[in-house]
């Protein structure tokens, strides 16, 4: 799906800003959002920016815009059910926000509707959802946060900051599996000892443990063991 086509779905024309200015008052664009809960620290900021940009373009929730949310962090079956509920509610477009389960559920929903992905912690190209960002193909467009690559780079930066350290610890959860794997590969190539600690039940408590831990923004936390 071309980005211009997606904009046309929401506004009724191919040029979204122009349509927003001249939009009919009784025309309501309907967006279905699939993603983690609002407390998720990784996907929530991106969603807030998305809504803010919609306002700038003349779309206001409750006036000419209706946004329906469904969670995808309560199990696979619930996520797929949620996607089909939104399609049954006749949304104009699905926004798949966050980990892969959101996009999986959106692409499986029937009948198909245009999908905008905000892909987080997985590679939509390697997994066959889209051909490329320039020419995604099919009914999917959107953006891709390249956290796995950033995880390896951030590990390198941490080592530069603490060159005398060779033992590291990283906190991760089910949504950052690819990042954990990338950091583990990078650590191995640099001869570092990396201990991965999985967080199981959100919201997570990052209380002080008496150790110095550096924040690893796109992962969870990564620090030199003291």
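Rule-based calculations on the coordinates, nothing more; no lab input. Just so we're clear, the structure is a prediction, and the values are computed from it rather than from any experiment. Counting neighbours? That spans all protein chains shown, and the Cβs are built from the backbone with ideal geometry, glycine included.
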Taking 0.36 nm per residue of separation between residue 127 and residue 51 and subtracting their Cα-Cα distance, the length gained on full extension comes to 24.6 nm
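Fewest first, what order do 47, 145 take by the number of other Cβ atoms within 10 Å? Can you show the working numbers first?
Values: 47 20, 145 17.
Fewest-to-most Cβ neighbours within 10 Å comes out as 145, 47.
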Expected unfolding gain across residue 39-residue 66 under the 0.36 nm per residue rule, minus the alpha-carbon gap, is 7.6 nm
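Cut-off is 10 Å between beta-carbons; in what order do 113, 49, 95 appear when sorted fewest neighbours first? Don't jump to the answer; show the numbers that get you there.
Details: 113 19, 49 11, 95 23.
Listing 113, 49, 95 from fewest to most nearby Cβ atoms yields 49, 113, 95.
Can you figure out the FRET efficiency of residue 134 with residue 85, using R₀ = 41 Å and their beta-carbon distance, to the nearest 0.05?
0.80
Sorted by mean Cβ packing within 10 Å, highest first, what order do the peptides 176-188, 158-170 take? Each step should come with its number before you reach the end.
Details: 176-188: 20.2, 158-170: 14.5.
The densest-packed peptide leads the list: 176-188, 158-170.
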So for R0 = 25 Å, FRET eff. of residue 161-residue 185 from the Cβ-Cβ r, to 0.05, ends up at 0.80
Under the 7 Å Cα-to-Cβ spin-label approximation, residue 198 and residue 149 lie apart by a distance in nanometres of 2.8 nm
